[in-house]
Amino acid sequence: MWKIIRPYLRNIYRRLIGLKFFFYDYIRYIKFSGWKENFDDIEVRNYKSVILYHGLEKSLSYKVRNPNSGWNNAYQILELLKIADKDKNLGFHEKVSKIVLEKFLSLSENINSEKTQYFIEELKKLNNFNENYKASCGYIEYSKNDYENGILENPEDFFLSRYSLREFKNEIVRDIDIKRALNLSMKTPSVCNRQPWAIYHTSKKEIKDIVLTYQQGNKPFGENIPNLIIVAVDLKAFFSADEHYQHWIDGGLLSMSIMYAFHSVGIATCPLNWSAKPKNDLGLRKSLNIKDNHTIIMVLAVGYPNENNKVCVSPRKTLDDIFYNLEKK
Ligand SMILES: Cc1cc2nc3c(=O)[nH]c(=O)nc-3n(C[C@H](O)[C@H](O)[C@H](O)COP(=O)(O)O)c2cc1C
């Protein structure tokens, strides 16, 4: 009898637990995402700015652009610039948004329009933007040759030589090496280029111990991990219900970039899942300075490899196992 009931009970239990965990994510999204569009919050305002100016950047980059497009975004950018100016507290994206807006206004099809005159007058009223601020933004000419700078002589050597390493050289990775790899990973694409990331790093034993107590999957190697990184994503960057999974996606992309960036400079990593129960997520947040609006995507162990290492082979399926030609039904 028990044998028959057990799978049913297990199914019910899993559904209820699943609901609880989904609810935890839902509550976090409601509490911390940018959906209220509170533009007094510099971070929310900045994420909104990048969504808008990225629309202009795209419009600027088309070979044949619709000469009437972009104005809607331009007006919204101007409104945010005014709020930022009053706030006297400027973030990266809003400083960039002003430059992109000016590039948009100076397009040959816009420069002499009445609308542009209005914008120029309004922009003159801003007091807190540094006129000398420079940022590479808008669009650039990018040739086939430029793209070819990225060609690896033997890409297989690069991609097939990365393995997750769980036992590292007994040496803390130097800050300069950590920062170099993390800087490379900043080129990771993200939705509308929002770059909603937060990266936490430590090499302090007492902090690593706290993280690893809550992470399920670092036994028995955890205690000797030299450096730990937590990859997180800022929920404030997301404004609507359709985006409720976007932070996992942007965070996943950044995580992989970080791993490849470390690999490209000879430093090994092991991804450590943060498929954590709400209890563990809350426990970690109580102990460490992780901002409430930062959702933890995963943890990364980082270290220099030893001369000789043993790694799991972790064989891969063949491409044929997972490849489908996309066809009409
Ligand atoms: C999101 C994610 C979470 C992971 N979590 C763990 C973990 O908690 N503990 C662990 O030992 N390995 C973890 N791994 C490592 C995987 O086991 C490993 O990437 C996989 O077996 C492929 O091996 P490779 O990385 O050496 O190619 C994780 C990997 C990913 C991508």
* Once you treat every alpha carbon in region 1-79 as an equal point and sum by Debye, what is log10 I(q)/I(0) at q = 0.17, 0.23, 0.26 Å⁻¹? -> -0.80, -1.02, -1.12
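Report, please, the projected area of the chain averaged over directions, based on the convex hull of its C-alpha atoms, in nm².
Values: hull surface 97.1 nm².
Averaging across all directions leaves 24.3 nm² for the Cα convex hull.
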* Asked: Given a Förster radius of 30 Å and the C-beta distance between Asp146 and Val265 as r, what FRET efficiency does 1/(1 + (r/R0)^6) yield to the nearest 0.05?
  -> 0.85
* Asked: Percent relative contact order of the chain, based on C-alpha pairs within less than 8 angstrom and at least six residues apart?
  -> 21 percent
* How big is region 235-310 in terms of Cα radius of gyration and Dmax, in angstroms? -> 15.2, 49
* Asked: Any idea what angle helix 42-61 forms with the longest principal axis of the chain, computed on alpha-carbon atoms, 0 to 90 degrees, nearest 10?
  -> 70 degrees
* Asked: Hey, got the dipole for region 17-151? About the Cα centre, +1 on K and R Cβ, -1 on D and E Cβ, debye to the nearest 20?
  -> 280 debye
* Asked: Between their Cα atoms, which of Lys144/Lys236; Lys169/Lys204; Lys31/Lys115; Lys88/Lys286 are more than 28 Å away from each other?
  -> Lys144/Lys236; Lys31/Lys115; Lys88/Lys286
* What aspartates and glutamates could a cross-link reach from Lys63, if we take a straight Cα to Cα line under 17 Å and drop same-chain neighbours fewer than 8 places away? -> Glu109, Glu141
* Asked: Which order do peptides 158-166, 17-25, 270-278 fall in by mean Cβ count within 10 Å, highest first?
  -> 270-278, 158-166, 17-25
* Structure fact -> Relative to the chain, whose Cα atoms define the longest principal axis, helix 246-264 and its Cα axis are tilted in degrees, nearest 10, by 70 degrees
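Which of rounded, prolate, oblate describes region 153-303, given a ≥ b ≥ c as roots of the alpha-carbon gyration tensor eigenvalues and a/c under 1.5 marking rounded, otherwise prolate only if a/b is larger than b/c?
Details: a/c = 1.85, a/b = 1.11, b/c = 1.66.
It comes out oblate by the Cα gyration axes.
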* Asked: Once label points are set 7 Å from the Cα along Cα→Cβ at both Leu319 and Phe23, what is their separation, rounded to one decimal in nm?
  -> 4.6 nm
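Determine the calculated [θ] at 222 nm for the chain from helices alone, applying -39500 (n - 2.57) to every DSSP H run no shorter than 4 residues and normalising by the residue count; nearest 500 deg cm²/dmol.
Details: 12 runs with 157 residues, N = 329.
Counting only the DSSP helices, I get -15000 deg cm²/dmol.
I need the calculated FRET efficiency for the pair Glu153 and Gln216, taking r as the beta carbon distance and R₀ as 35 Å, to the nearest 0.05. Spell out each step's value before the answer.
Values: r = 40 Å, r/R0 = 1.15.
Efficiency at R0 = 35 Å is approximately 0.30.
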* **Cα Rg over Rh - region 17-151, Kirkwood** => 1.08
* Toward the positive end of the charge dipole of region 17-151, about the Cα centre and with charges on Cβ (Lys, Arg +1; Asp, Glu -1), which of Leu81, Asn38, Val50 goes farthest? -> Asn38
* Asked: Relative to the first principal axis of the alpha-carbon coordinates of the chain, what is the inclination of helix 114-124, with its axis defined by its Cα atoms, in degrees from 0 to 90 and to the nearest 10?
  -> 70 degrees
* Asked: What ranking, highest mean first, results for peptides 46-54, 74-82, 94-102, 171-179 when packing means the other Cβ atoms within 10 Å averaged over each residue?
  -> 46-54, 94-102, 74-82, 171-179
* If the chain between Leu107 and Ile5 were fully stretched, how many nm would it gain, using 0.36 nm times the residue separation less the Cα-Cα distance? -> 29.6 nm
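Under the 0.36 nm per residue contour assumption, what length would be gained going from the current alpha-carbon distance of Glu131 and Leu288 to full extension? Show your work: numbers first, answer last.
Numbers: separation 157, 0.36 × 157 = 56.52 nm, distance 3.88 nm.
Separation in residues times 0.36 nm, less the Cα-Cα distance, equals 52.6 nm.
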* Structure fact -> Scaled by the rule-of-thumb 2.2 N^0.38 Å, the alpha carbon Rg for region 69-133 gives a ratio of 1.05
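Under the 0.36 nm per residue contour assumption, what length would be gained going from the current alpha-carbon distance of Cys312 and Ala241 to full extension? Show your work: numbers first, answer last.
Values: separation 71, 0.36 × 71 = 25.56 nm, distance 3.95 nm.
Going from the current span to full extension adds 21.6 nm.
Every number here is computed from the coordinates shown, using simple stated rules; none is lab data. None of these values were measured; they are calculated from a predicted model. Reconstructed Cβ throughout: ideal geometry from the backbone, glycine too, with neighbour counts over all protein chains shown.
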